[in-house]
Each structure stands twice: as structure tokens, then as C-alpha cells.
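One structure below.
Since every read-out is calculated from the coordinates, none of them should be taken as a lab result. What you see is a predicted model; the values in this text were computed from it and never measured. Every residue, glycine among them, receives a Cβ derived from its backbone with ideal geometry; neighbour counts consider all protein chains shown.
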Amino acid sequence: MTDCLFAAPDLIADAQTRFDALTNYQTTVRSTPSAGVPVEVRYCYRKPGFIRMDFIRPHAGAVLAYNPETDKVTLWPFGFHTFPRLALAPDNPLIQGPNAHRIDRSDIGALLGQIRELQRHGETQIVGHEALGSRHSVHLIISGAPEHDAAGGACYQLWLDVMTGLPIKVIRADRRGELIETVLMEDLRVDLPEIEPFL
């Protein structure tokens, strides 16, 4: 499995294909911005775009749920299905994360789309195999040409899990090489028979 993934002609395209084929996934996301407060959430995704984020820190207990059918986000500040319950647009600044992240553009598919756009006008390097905790990964660096910066950064370092082919660590930097954020996706599991409710 490791050699098969490493030999793929385009590992980002392969990751996109694997994302397109899954029905759901669940992970613990740990995001550390270069400036600001680290964020840790339990993240659940289900096709065609339902997203639930249970906050561990900050705002422990708060839950955000995005419904792609209504294009609305439900916020429960004190826990799922508790009072109060707020309905918000996904671009509401109240619920945007560090670096203006939006919940409706927070899934792995959206990340891969940004990276593929950068890749189209840049270069991709395979650094090699690396262990991340108990997982084995392939480390890539995707750098864009200055005139074709993708939204969100000019350089991505990406670690793809050899079992799922999906990202488990991302480092974003700007065109000067300054760190924007580091994101870890721990305990990534795909195609679960049961997943947290979204509504």
C-alpha cells in the first residue's frame, strides 16, 4: 500500500479521487495559527457537505453545524441541541476561524481544491516517507509561482496518510515563507457506519 501510494503520478489528484469516493469522515483537528489562539475541534463531514464541529478549545462545548441544503450554520454555544440556538450565514464573522476560515469551506475537499489550484501554476516535490505518530505518510511540498498565489497561501507542506491517501497534516506559508498555520488531523477515519448527527 505504501509503495502504491508513493508511486502515484499525482498524489494530490489521487487524494482528490479518494475524497470524492468517500461518504463521510471524522477527525480531531488541531489548528495552530502563526498569530492567535490555537483551535481544537472534533470534526465530522458527510456528503454532500454536511459539517459538524464540536469545540474542545477554545469555547469548549460549543457546536457548529453546516447544512448545505439550506446554506445555513447552526450554532449551539453551550452544547448540541441546547438553548440558545442561532442560525447564521457561513460568512458571518462571528463564526469564522483564524485567517477568516469558513465552515462551508473547511473540509478536505476544499483544501485539496486550493492545493490543486496552486499546483497548476507551480511545482510539487515529494520529500519522502515520514511517520506522524502511529501513522505513515508521504510528505509533499507544493509551491506556486508568485503571480498565481492560491487563496490561502503560496506554499503548502502536506503529509498524506498512506492508508487513506488523505491529508493528516498541513503547513501553510505565504510567498515570503512566513508561517500562516499548522493543521493536524488526528485519528482520521473514513466511511464510518455511524457518525454524529448534524441537525
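Points to keep in mind about this one:
- CD proxy at 222 nm, helix term only [per DSSP H run n ≥ 4: -39500 (n - 2.57); per residue of the chain; nearest 500]: -4000 deg cm²/dmol
- Ordering Leu88, Thr182, Gln157 by Cα displacement along the dipole of the chain toward the positive end leaves Leu88 in first place; charges were set at the Cβ atoms of Lys, Arg (+1) and Asp, Glu (-1).
- Long-range amide H partners of Gly122 with built H, under 5 Å: Ala145
- 3J(HN,Hα) from dihedral phi, region 53-61, Karplus parametrisation 6.51/-1.76/1.60, rounded to Hz, x for glycine, proline: 10, 9, 7, 9, 7, x, 6, 3, x
- Note on region 85-143: Kirkwood radius taken over Cα pairs, Stokes-Einstein applied at 20 °C and 1.002 mPa s, translational D equal to 151 µm² s⁻¹.
- Taking the convex hull of Cα positions in region 92-199, its mean projected area over all directions (nm²): 8.3 nm²
- Global size of the chain as Cα Rg and Dmax, reported in angstrom: 16.8, 51
- Packing-based order for 124-131, 38-45, using average beta carbon neighbours within 10 Å, highest first: 38-45, 124-131
- Cut-off 12 Å between beta-carbons: net charge of the residues surrounding Glu130, Lys and Arg +1, Asp and Glu -1: +1
- Under the Karplus curve 6.51 cos²θ - 1.76 cosθ + 1.60, θ = phi - 60°, whole-Hz ³J(HN,Hα) for region 155-165, x wherever Gly or Pro sits: 8, 10, 9, 9, 10, 9, 5, 6, 7, 9, x
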